[in-house]
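Peer 1: Below is a structure I'd like to ask you about.
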Amino acid sequence: MIANRPLVLRSNRFLGAALTDAGLILNEDLEAANEKVLQAVQKEDPRGANLLNILLYDLQKLDEPALIDETLEQHDIGVIDLANYDLSFLTETEVSFSICWSTFTVPFDCVENFTMIATAYYLSKPTIDFWESQFDGPIIWYVSSVASIADALARAETEIEAKSNEKKGAT
């Protein structure tokens with residue numbers, strides 16, 4: 001089930017507008033992608049309800065390095081690949097994986113009250129506002145590729161499942 005459906009729809013709408021405003025996609029590409037997002041939302045598919053995934057992989061209408069460059073040029077954030085990060089912070093919090101998947105955002109660490117969050121949706125104000133409301137204290141933002149976010153979420157879900165199976169086996 002898709003958690004917080006209005007957030008998912010608004011985040012994708014704002015991201016789409018930012019991508020067209022930056023000249024990264026054409027309006028007709030956005031319209032085609034939006035149709036696929038709505039289909040995924042109706043099917044309750046949080047992984048499919050992701051505009052970037054559709055534009056990058058299904059329609060092949062977005063150049064991800066250009067998106068990352070645009071984000072870094074326009075905003076004061078860093079870039080990160082989560083491949084070698086320990087994701088215990090994510091697995092120990094009560095974060096909705098459905099929202100992580102649909103906004104391609106991963107809170108991955110907390111050091112001295114600073115929460116570190118990686119996202120591929122930094123150009124979507126509703127996404128940023130939502131995640132900033134989820135944590136106390138300042139946030140350090142990073143932009144990341146869709147593949148890096150997807151890999152991190154899959155690893156975290158696998159880790160949670162393994163821990164759950166361990167507990168079931170111990171009882």
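The values are calculated or read from the model by the stated rules, or taken from the named source; none is laboratory data. Note that the coordinates shown come from a computational prediction; the quantities given were computed from them, not determined experimentally. Cβ: placed from backbone, ideal geometry, glycine included. Neighbour counts: every protein chain shown. Just so you know, the surface numbers come from the protein's heavy atoms only, side chains and all, with ligands and any DNA or RNA stripped out. Shrake-Rupley method; radii C 1.70, N 1.55, O 1.52, S 1.80 Å.
Peer 1: Name the residue farthest towards the positive end of the dipole of the chain from the options N53, F108, A40, assuming +1 on Cβ of Lys and Arg, -1 on Cβ of Asp and Glu, about the Cα centre.
Peer 2: A40
Peer 1: By how many degrees, 0 to 90 and rounded to 10, does the Cα axis of helix 64-74 deviate from the longest principal axis of the chain?
Peer 2: Once rounded, one gets 90 degrees.
Peer 1: Roughly speaking, what is the stretch gain from R13 to N27, that is 0.36 nm per residue apart minus the C-alpha to C-alpha distance, in nm to one decimal?
Peer 2: 3.8 nm
Peer 1: A further question follows. Which order do S96, S133 take by accessible area at a 1.4 Å probe, largest first? Walk me through the numbers before you get to the answer.
Peer 2: On the way: S96 40, S133 85 Å².
Putting S96, S133 in descending order of accessible area: S133, S96.
Peer 1: Listed here are the pairs K61/K125; K61/K163; K36/K125; which of them are more than 27 Å apart at the Cα? Please list the in-between numbers first.
Peer 2: On the way: K61/K125 22 Å; K61/K163 39 Å; K36/K125 21 Å.
In this structure, K61/K163 lie more than 27 Å apart at Cα.
Peer 1: Nearest 10 degrees, 0 to 90: what angle lies between the long axis of helix 5-21 and the longest principal axis of the chain (Cα atoms)?
Peer 2: Between helix and principal axis, roughly 40 degrees.
Peer 1: Rounded to the nearest 10 Å², what accessible area does E161 have for a 1.4 Å probe in the complete protein model?
Peer 2: Looks like 120 Å² after rounding.
Peer 1: List the aspartates and glutamates whose Cα sits under 16 Å from the Cα of K168, skipping any in the same chain fewer than 8 residues away.
Peer 2: Filter leaves E159.
Peer 1: Just read off the accessible area of S88 with the full protein assembly in place, 1.4 Å probe, to the nearest 10 Å².
Peer 2: Surface accessible to solvent at S88 totals approximately 30 Å².
Peer 1: Here's another thing I want to ask about it. Can you find, among S124, P138, H75, the residue farthest towards the positive end of the dipole of the range 46-144? Put +1 on the C-beta of Lys and Arg, -1 on that of Asp and Glu.
Peer 2: The residue sitting farthest along the positive end of the dipole is S124.
Peer 1: Let me ask another. Nearest 5 percent is fine: what portion of the DSSP beta bridges confined to the range 26-165 is antiparallel?
Peer 2: 45
Peer 1: What is the calculated FRET efficiency for K163 to E112, with r their C-beta to C-beta distance and R₀ = 30 Å, to the nearest 0.05?
Peer 2: Numbers: r = 26 Å, r/R0 = 0.88.
Given R0 = 30 Å and the Cβ-Cβ separation, E is 0.70.
Peer 1: Could you give the size of the charge dipole of the chain about its Cα centre, using +1 on the Cβ of each K and R and -1 on the Cβ of each D and E, expressed in debye and rounded to the nearest 20? Please report the intermediate quantities before stating the final value.
Peer 2: Details: 12 positive and 28 negative charges, 132 e Å.
I would put it at about 640 debye.
Peer 1: To the nearest 10 square angstrom, what accessible area does F14 show with a 1.4 Å probe?
Peer 2: Accessible area of F14: about 90 Å².
Peer 1: Here is a further query. I need the shape label for the range 29-105. Rule: rounded when a/c is under 1.5, else prolate if a/b > b/c, else oblate, with a, b, c from the alpha carbon gyration tensor.
Peer 2: Working: a/c = 2.42, a/b = 1.14, b/c = 2.13.
Oblate, because a/c is 1.5 or more while a/b does not exceed b/c.
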